[in-house]
Amino acid sequence: MFRSTLRTIAATAAIAVAAMLVPATVSAAAGSSAPSSVRDVIGPPIGVWDGRISHPDGHIDIKLSFRLNGTLCLIAPPPDPGGGIEGSGRWRLTDPNSFNFNGRERYFDGSGATTGSLTFDMNADYQGLTEFVGKGTATLFDAQGNELGTLPTTSRFKRISLVPVNCS
């Protein structure tokens, strides 16, 4: 019970701090091109987002956690005996209603050895307060780091939590 109460207090405090910092972050990002009213501002993509990234060969469903410090991470299922995936990156506001996010994913086998990787760069536009769509590219690499090609990508995400996951 005590732990549950502490978690609730910590989550509430995190949301309150994020709410206080959003206007300052948006003001700094917007500079002299401030929106005409506060309701025109979405601000930073802080929290956990569930979505789909599509490319010419298919799609992948993923969750991303965006933190106030400008970092993001892929929330992947735990590795299984055959391997897994991990990923991280950065985000930045490009105006009060859009942002860029980029990073790297690493794929590994059951022994932890890298089997390939991918870099991504996406420009995202909010679709209301709880969704965004993006366009960008993903570049694939083999286990030795040789580039295999670049694909155009699109994405659609929905915010499922205002509290980001603390990624390792």
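No value in this document is a laboratory result; all are computed from the given coordinates. None of the values given here were measured: they were computed from a predicted structure. Cβ coordinates were reconstructed from backbone atoms using ideal geometry, including for glycine residues, and neighbour counts include every protein chain displayed.
Tabulated data
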{"quantity": "Principal axis dimensions, largest first and in whole angstrom, of region 61-106 by Cα", "calculated": "43, 17, 15"}
{"quantity": "Listed peptides 49-55, 161-167 by packing density, highest first (mean Cβ within 10 Å)", "calculated": "49-55, 161-167"}
{"quantity": "Hydrodynamic radius by Kirkwood, which averages 1/r over all alpha carbon pairs of region 96-168, in angstrom", "calculated": "14.1 Å"}
